Every structure is written in C-alpha cells, then in structure tokens.
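Colleague: First, the structure itself, so that you have it in front of you.
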Amino acid sequence: MGQAFWVLKTGPKKLVSFETSRNRRGEFDKTRKEVDMSYRLSRDVIDMGRHLMNVRTGELYEVDECGRALLSTLAEGKNCPEGDIFDFMRTEGLLVDPSERKDRDKFLLQLHVLNSCNLRCRHCYDWKNPVVTLTFEQELVVIDNFAAFLKKMEMDGEISFTGGETFLYDRLPELIDYAKSQDVFINPYVLTNGTIPPTTKLLECLVRHHVGMQVSIDGTETIHDEIRGAGNYRKAVTGIEKFLAAGLKVSVHYVIMRRNAKVIPEFIEAVEDLGVKRVNFSCLVTIGPGAQEEMLTPAENRDVIENIAFLQKGRLISLLSTRPLWHTVGSSGFCPVGYNTLTIDASGQFLPCRRLPIPLGDARHDTFFRVWFGSEFLQRMREREKYVGVCGTCPQASVCGGCRALAYAVTGDAFAPDPSCLLVCKM
C-alpha cells in the first residue's frame, strides 16, 4: 500500500480522504506524463506549512510529504508529473495555470485609471473634467472581479490601462503587477500619448510583464502638433524609441479625420522607419472636444481605407484596422459592443465602449456579471438584427455591424445606422 496524500476538508461535518501511490524513495512515479504548463498555487490559497487554506471558501487541506514535494517542484518552475495528486489539486482549485490559451476567446476591459491629462487634444472624446475617481483599492477590487468573471466565463482577458494620460498615475506598476498575479491569463496594455518618460520602476514593470504599448500619433510632425500641441510629436517619437529599445512591442494609434487624412502616407513612412510593427487606425467620433473636428464623408472614408490597404502591399508593418467597415479590404472589423468588451471610465462607470458614454453600472458596487447579463442595452446589442437600423440586417452584419459609438455621436441613438458607411448613405 502506498503512502497517502490526504486532504482534510473542513466544513459542516465534511471529511474527504484521498490516496495515491508513490514509490519507496518518496519520488513521483517517473512513468507518468509530465505536465508542461505554468501551474502554481492559486492566489486564493495560502500555504500554512502542513496545511493549505482557500481564503475565499475557508476550506482547509492537510498535505503530506508527497503533496509537499509536488508543491516544491512547481515552486522551482519545473514540470510535474500528471497523476492523482496533481489532478485532485487542480480540480479543487488549489493549482491554477494562468498562461494564455489559444483556444479561448478573449474579453477586453478598458480601464481608465485617472482623468487627468497633460495635453488638450483637439479631437479628444473626453473633456477631462474633474471627476471622483476610483481609489487604488477599488481598482484592485475591479481587477479581482474581472478575473472572477473571466474564470467563470472560461475566457482569457486583456486590460488596456488608459486615462487621461496613464503615465501620470504613479501606482500603475502596482496595478499591472496585480493584474498579472491573477489566476487567469490577463494580457496588459498601456495606452499613452508618449510624451512623459516612464520612471525606472514603471519601465521595469512594463518589460517584466511584456506589456503592449500603444502610443498616439495623428499625422506628420506639423499636423500632430497642430492637434496635440507644439513639440509633442518629437516627445512621442522619443517615447516610442525608448519603448522599442527596451524590447517592448509598440503600436501607434491614429485617429482619422479631415485634418489629417491626406498625410497618412507620409505618417506611415515615418513610423515604419522608427521600427513600429503595427498602426491602429480609427475613425473620429465626434463627442467631447472632438465634436469640433470634422469627420470624413462616407465616400472619403471608403477611399482612405482602400488607400491604406493599397499602402499595406509589400510592407511588413500591419496597417489594416480591425474596426467596422475594414472588412471591405479583407480585414476583420466587427463592432464588439455587447460581445466581448466593457469599459470602466475614470469615475467608475461601466460603459459599452470608451467612446460610447452610456452608463451601464458603477464598478464600486456592480459586478461584471450583473452588468454583462443584466443590462437591457447590451442584450439588445446582441440582437442587432432586431434593434439596429440598417446595419443589423445588412449582408455584412456578422463581420461589421457598424460603429455603435459613431452612430450615437452623430444621431444620439446607438442603434442607428453607422453614418460613416457608404452603403447606408445609398439606402
């Protein structure tokens, strides 16, 4: 009879005993298949020496030498043998694997950590008025709730930390560390205007967690500075160079509007020379200060998208956006509102999208489950064929759906047709 790995599970008259075999030297059975995954103790479990406790459920587990050896193997970063002990601890939620799963869908959270900004850009969707922001402790709870939501939904996650200007938030490294400590895979991104140099602590955190960086540039130097303020193009370029030198993946975000549409070819040449591998183009949404800027007409918008697709040919840099209407040039572009994204703004309000300012709940007391499954607005968004005018019944509805934020900005109705689409204008 082999020695026992047994578990005492405290609760109302509940005792569970579990046995598995090991050899006489106390080593794991070498014939078992090794598990090549990044398993570790759940962050909900504390190691009390001879016991493990789940601090969420209060359940207590007593571990013998065999179980302790398995935990030591995992702590050393080594692969461990698959078997009864491993399977039991995984089933009980004692062990978790927070690595990315390619077969899982992703859920995107855009978390505004503050509303302050060092710039006043002409096309910004937010007036940056003073608001009562979430406290740091409340932001940690948001991340906990997001992780619990992902675990239940069996999805991987992505958090885009944004603002305001994210680099003005001095506790950003702690937030990123906390997100990466969760029991599920969360990929962090930071959205920045690139004009504020990162502190040593922040840069080390960004590198440690392979954080994706998105820097905003909206044209050539002259046009960019016209939009974002004199001297800020050079600062943003310096920021990009610093991130790339540190080995970070950097993309550039470009908001297309009448003011900068004609300089896109020169802009692409410039960022390609910097070594940037991706540009994320988006359409101006005329809310906040951006309401004073001029959108392109649907025909002009189509021409710009097609021109960018032409400029993509023969280039390694990725230029094709994944936004509504870009399916016309072979990219994906489904509007994800109601399907796999939520925003929490600086005041703690849940929104369908960062540019669709329709409150869905308050992160101080509403969970992701309550908002995601309880919002009538989101439920209607998932039935676009019934509720969304024109776009919902368009032959391209399943790959586009129209930009709901742009519809709301122009008409006041998020279920209206996308006003930037040429097909809509012809109907």
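The values are calculated or read from the model by the stated rules, or taken from the named source; none is laboratory data. For clarity, every value in this text was computed on a predicted model and none was experimentally measured. Every residue, glycine as well, gets a Cβ built from its backbone with ideal geometry; the counts of neighbours run over all protein chains shown. Side chains are part of the model used for accessible areas, which takes the heavy atoms of the whole protein and leaves out ligands, DNA and RNA. Shrake-Rupley method; radii C 1.70, N 1.55, O 1.52, S 1.80 Å.
Colleague: Karplus couplings for region 243-256 from phi (6.51 cos²θ - 1.76 cosθ + 1.60, θ = phi - 60°), rounded to Hz, Gly and Pro as x?
Modeller: For region 243-256, the Karplus-derived couplings read 5, 5, 5, 7, x, 7, 7, 10, 10, 10, 9, 10, 8, 7 Hz, x marking Gly and Pro.
Colleague: For the pairs Lys106/Lys152; Lys152/Lys180; Lys106/Lys249; Lys102/Lys201; Lys106/Lys201, flag any whose C-alpha to C-alpha distance is greater than 22 Å.
Modeller: Details: Lys106/Lys152 13 Å; Lys152/Lys180 18 Å; Lys106/Lys249 19 Å; Lys102/Lys201 31 Å; Lys106/Lys201 29 Å.
Exceeds cut-off: Lys102/Lys201; Lys106/Lys201.
Colleague: Give a quick list of trypsin sites (Lys or Arg not before Pro) in region 99-193 that DSSP marks as loop, anything other than H, G, I, E or B, with at most 12 other Cβ atoms within 10 Å. Write down the numbers at each step before the final one.
Modeller: Details: sites: Arg101, Lys102, Arg104, Lys106, Arg120, Arg122, Lys128, Lys151, Lys152, Arg171, Lys180; in loops: Arg101, Lys102, Arg104, Arg120, Arg122, Lys128, Arg171.
For trypsin sites (Lys or Arg not before Pro) across region 99-193 that sit outside H, G, I, E and B with at most 12 neighbouring Cβ atoms in 10 Å, the list reads Lys102, Arg120.
Colleague: Taking the inverse of the average 1/r across all pairs of different Cα atoms in region 276-427, what Kirkwood radius in Å do you get? Can you show the working numbers first?
Modeller: Details: mean 1/r = 0.0611 Å⁻¹.
Value: 16.4 Å, from the Cα pair sum.
Colleague: Taking Cα centroids, how far is region 111-178 from region 357-427 in Å?
Modeller: 23
Colleague: Shifting gears a bit: Over the chain, what number does the Rg to Rh ratio reach, with both radii from the alpha-carbon atoms and Rh per Kirkwood?
Modeller: Working: Rg = 24.9 Å, Rh = 24.0 Å.
A ratio of 1.04.
Colleague: Apply the Karplus curve 6.51 cos²θ - 1.76 cosθ + 1.60, θ = phi - 60°, to the phi angles in region 344-351 and return the couplings in whole Hz, x for Gly and Pro.
Modeller: Per residue, the Karplus-derived 3J(HN,Hα) values read 10, 7, 5, 8, x, 7, 6, 10 Hz.
Colleague: If you build a Gaussian network model of the chain, linking Cα atoms that sit under 10 Å apart, which residue out of Met153, Met213, Met295 swings the most?
Modeller: Between Met153, Met213, Met295, it is Met153 that shows the largest mean-square fluctuation.
Colleague: Using amide H atoms built in the peptide plane, which far-off residues or other-chain residues are under 5 Å from His253 H to H?
Modeller: Placed amide hydrogens put Val215, Ser216, Ile217, Asn280 under 5 Å from His253.
Colleague: Let me ask something else about it. Give me the percent of the accessible area of the chain that comes from carbon and sulfur atoms, probe 1.4 Å, all protein chains in place.
Modeller: Working: 10490 of 20290 Å².
Ligands and nucleic acids excluded, carbon and sulfur reach 52 percent.
Colleague: Moving on to the next point. Starting from region 324-427, pick out the chymotrypsin sites (Phe, Trp or Tyr not before Pro) whose DSSP state is loop and whose Cβ has at most 16 other Cβ atoms within 10 Å. Mind dumping the intermediate values first?
Modeller: On the way: sites: Trp326, Phe334, Tyr339, Phe350, Phe368, Phe369, Trp372, Phe373, Phe377, Tyr387, Tyr408, Phe415; in loops: Phe334, Tyr339, Phe415.
Sparse-neighbourhood loop chymotrypsin sites (Phe, Trp or Tyr not before Pro): Tyr339.
Colleague: To the nearest 10 degrees, how steep is helix 298-312 against the longest Cα principal axis of the chain, on a 0 to 90 scale?
Modeller: With both axes taken from Cα atoms, the answer is about 60 degrees.
Colleague: Working from Cα positions, state the angle (0 to 90°, nearest 10) between the long axis of helix 264-274 and the longest principal axis of the chain.
Modeller: Helix 264-274 and the main axis of the chain meet at about 40 degrees.
Colleague: Additional query: For Asp97, Asp105, give the ranking by accessible area with the largest first, probe 1.4 Å. Could the numbers behind the result be given before it?
Modeller: Values: Asp97 35, Asp105 110 Å².
Reading off the accessible areas and sorting them downward yields Asp105, Asp97.
Colleague: So for region 346-427, Kirkwood radius off the Cα pairs, Stokes-Einstein at 10 °C and 1.306 mPa s: how many µm² s⁻¹? Present the calculation step by step, with values, prior to reporting the outcome.
Modeller: Numbers: Rh = 13.5 Å.
Roughly 118 µm²/s, to the nearest whole number.
Colleague: Here's something else I'd like to know. What are the GluC sites (Glu not before Pro) within region 147-195 that DSSP puts in a loop, where the Cβ has at most 15 other Cβ atoms within 10 Å?
Modeller: Values: sites: Glu154, Glu158, Glu165, Glu174; in loops: Glu154, Glu165.
Passing sites in region 147-195 are Glu154.
Colleague: Separate question: Need the list of aspartates and glutamates near Lys313 for cross-linking: C-alpha distance under 20 angstrom, and skip anything on the same chain fewer than eight residues off.
Modeller: Cα-Cα hits under 20 Å: Glu266, Glu269, Glu272, Asp273, Asp303.
Colleague: Rank Asn232, Leu244, Leu316 by how far each Cα sits towards the positive end of the charge dipole of region 104-382 (+1 on Lys, Arg Cβ; -1 on Asp, Glu Cβ) and give me just the farthest.
Modeller: Result: Leu316, furthest along the dipole toward the positive end.
Colleague: Could you give the size of the charge dipole of the chain about its Cα centre, using +1 on the Cβ of each K and R and -1 on the Cβ of each D and E, expressed in debye and rounded to the nearest 20? Before the final figure, lay out each step's value.
Modeller: Details: 53 positive and 55 negative charges, 54 e Å.
Dipole about the Cα centre, nearest 20: 260 debye.
Colleague: Would you kindly derive the ³J(HN,Hα) couplings of region 213-218 from the backbone phi angles with the Karplus curve 6.51 cos²θ - 1.76 cosθ + 1.60 (θ = phi - 60°), listing them in order in whole Hz, with x for Gly and Pro?
Modeller: 10, 10, 10, 8, 9, 10
Colleague: Further, regarding this structure: Among Leu311, Leu109, Leu248, which one shows the highest mean-square fluctuation when the chain is modelled as a Gaussian network with alpha-carbon springs under 10 Å?
Modeller: Residue with maximal mean-square fluctuation among Leu311, Leu109, Leu248: Leu311.
Colleague: Could you work out the helix-only [θ] at 222 nm for the chain, with each DSSP H run of four or more residues adding -39,500 (n - 2.57) and the total divided by the number of residues, to the nearest 500 deg cm²/dmol? Kindly include the intermediate steps, with their values, before the conclusion.
Modeller: Working: 14 runs with 132 residues, N = 427.
That calculation yields -9000 deg cm²/dmol at 222 nm.
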